[in-house]
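To start, the structure under review is shown below, and the notes come after it.
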Amino acid sequence: MTVYRVGYLVGSLATASVNRQMSKALIRLAPPDLEFTEIGIRDLPLYSYDYDDNYPAVGTALKDAIAGMDAVMFVTPEYNRSIPGALKNAIDWATRPAGDNAFARKPSAVIGASPGALRTAIAQQHLRSVLGYLRSPQMNSPEGYIHYTPGLFTEAGEVTDEGTERFLRRFMDEFHTFIVRVLSEPPVGAVPRPR
């Protein structure tokens, strides 16, 4: 069995974040050959190109963490109809200096939970646009817009609604299939070996 390392980024910095709770549920429901590591974004300063010539250790650690993963999963809320600032800042750190993009060719998935009616849909579309520019192959289906109600996730990562649990399990199964497919394909432009 091949084990795939998946780094996940939680878009909220809040300790009691609904999306942090959901990340625990996603890990519990994932196939056993996906191994998860949270990639922390809390300690990053605001990105500026002034750092490019002397990259700080925290920025290098972020890039190294992503580079060590086979795939990346984003679990994010929506702030003011867009990506949370901390998450966008982390993406900027991971893709600088120019030409050193840690997300290139990393299969990715995006999911989010919210009590609101739009269920993180706009933030996810903005994030997908950014990931497309960064050349990260994205799982486009199923889309994961989770309507959060109090008690939907327990602290241990259990899901209290059967329908939501079924969907999240399917989401993770599909992500596993997507990772295998992307990592099995030769990079675009690669010359096939003669047989």
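Taking the condition in contact with a helix residue (DSSP H, G or I) (Cβ under 6 Å, 6 or more places away or on another chain), in contact (Cβ under 8 Å) with a residue 12 or more places away in the chain, open to solvent by less than 40 Å² (accessible area, probe 1.4 Å) and in a loop (DSSP other than H, G, I, E, B), does residue 102 pass? So residue 102 passes the test. Scanning the range 155-183 for residues that are farther than 25 Å from residue 3 by Cβ and either among the basic types (Lys, Arg) or without any contact (Cβ under 8 Å) to a residue 40 or more places away in the chain (or both) returns 160, 161, 162, 163, 164.
Scanning the range 30-48 for any residue that is within 12 Å of the chain's Cα centre (by Cα), aromatic (Phe, Trp, Tyr) and in a loop (DSSP other than H, G, I, E, B) turns up nothing.
Given the criteria modelled with pLDDT of 95 or more and loosely packed, with under 13 Cβ neighbours inside 10 Å, does residue 4 qualify? For residue 4, the condition - modelled with pLDDT of 95 or more and loosely packed, with under 13 Cβ neighbours inside 10 Å - is not met.
Based on what the data block shows, is residue 60 in a helix (DSSP H, G or I), open to solvent by 20 Å² or more (accessible area, probe 1.4 Å) and without any contact (Cβ under 8 Å) to a residue 24 or more places away in the chain? Against the criterion (in a helix (DSSP H, G or I), open to solvent by 20 Å² or more (accessible area, probe 1.4 Å) and without any contact (Cβ under 8 Å) to a residue 24 or more places away in the chain), residue 60 qualifies. Looking across the range 25-43, just one residue is β-branched (Val, Ile, Thr), open to solvent by 20 Å² or more (accessible area, probe 1.4 Å) and farther than 24 Å from residue 151 by Cα, and that is 37. Every condition in (1) open to solvent by less than 40 Å² (accessible area, probe 1.4 Å); (2) outside any helix (DSSP H, G or I) holds for residue 89 except the one numbered (2). Residues in the range 116-150 that are among the basic types (Lys, Arg) and either open to solvent by less than 60 Å² (accessible area, probe 1.4 Å) or in a strand (DSSP E or B) (or both): 128 alone.
The values are calculated or read from the model by the stated rules, or taken from the named source; none is laboratory data. Owing to the predicted nature of the structure, the values given are computational and were not obtained by experimental measurement. Every residue, glycine among them, receives a Cβ derived from its backbone with ideal geometry; neighbour counts consider all protein chains shown. SASA here: full protein model, heavy atoms, side chains in, ligands and nucleic acids out. Shrake-Rupley method; radii C 1.70, N 1.55, O 1.52, S 1.80 Å.
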